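Working notes, beginning with the structure itself.
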Amino acid sequence: MRKGYVYILASRRNGTLYTGVTSDLPGRLYEHQNELTPGFTSRYGVKTLVWFEEHDLIVDAIRREKTIKKWPRAWKLNLIETMNPEWSDIAHYLHGL
């Protein structure tokens, strides 16, 4: 089984959010940032990685993503600010993945 990653991208601090799941976070982030896949993130300029979580199994990451997507916006903001209070782009943490 593969690892999985749940992630949140933002257009800016307190801006538009996107929650996703993938087994290749660096690759998926590259796709978002370079608008290689048409859709929500390219339409709304959602490119900054502000939060992510690693799971040993992709199925666990998928389950977590579905849960987070159902959360109220305030809960998502709190989740981001707990890990990343400045809403910095944390993509540099992916170099070891």
- Query: Does G4 count as buried (at least 22 other Cβ atoms within 10 Å of the Cβ) and of a type in the set (G, A, S)?
  - Reply: yes
- Query: Mind checking whether some residue in segment 32-46 is among the charged types (D, E, K, R) and modelled with pLDDT of 95 or more?
  - Reply: no
- Would segment 35-48 turn up any residue that is surrounded by 16 or more Cβ atoms within 10 Å (Cβ to Cβ) and basic (K, R)? yes
- Message: Quick test of your reading of the structure: T67 fulfils all but one of (1) of a type in the set (S, T, N, Q); (2) out of contact with any Ser or Thr (no Cβ under 9 Å at 6 or more places or on another chain); (3) touching a residue at least 12 places away in the same chain (Cβ under 8 Å). Name the failing condition by number.
- Response: (3)
- Does any residue in segment 82-97 that is under 17 Å from H32 (Cβ atoms) come within less than 7 Å, Cβ to Cβ, of a residue that is in a helix (DSSP H, G or I) six or more places away or on a different chain, and which pairs are these? W87/I80; A91/L29; L94/L25; L94/P26; L94/L29; L97/L25; L97/P26
- Message: Where the second residue is β-branched (V, I, T) and part of a helix (DSSP H, G or I) and the first is closer than 18 Å to M83 by Cα and lies in segment 50-64, which pairs have Cβ atoms under 6 Å and are six or more apart or on separate chains?
- Response: V50/I80; W51/I80
- Residue that is nearest to the chain's Cα centre (by Cα) [pool: residues in segment 52-67 that are closer than 14 Å to Y18 by Cα and crowded, with 19+ Cβ neighbours inside 10 Å]: F52
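The values are calculated or read from the model by the stated rules, or taken from the named source; none is laboratory data. Since the model is a prediction, treat every value here as computed from it, not as a measurement. With ideal geometry, Cβ positions are generated from the backbone for all residues, glycine too; neighbour counts draw on all protein chains shown.
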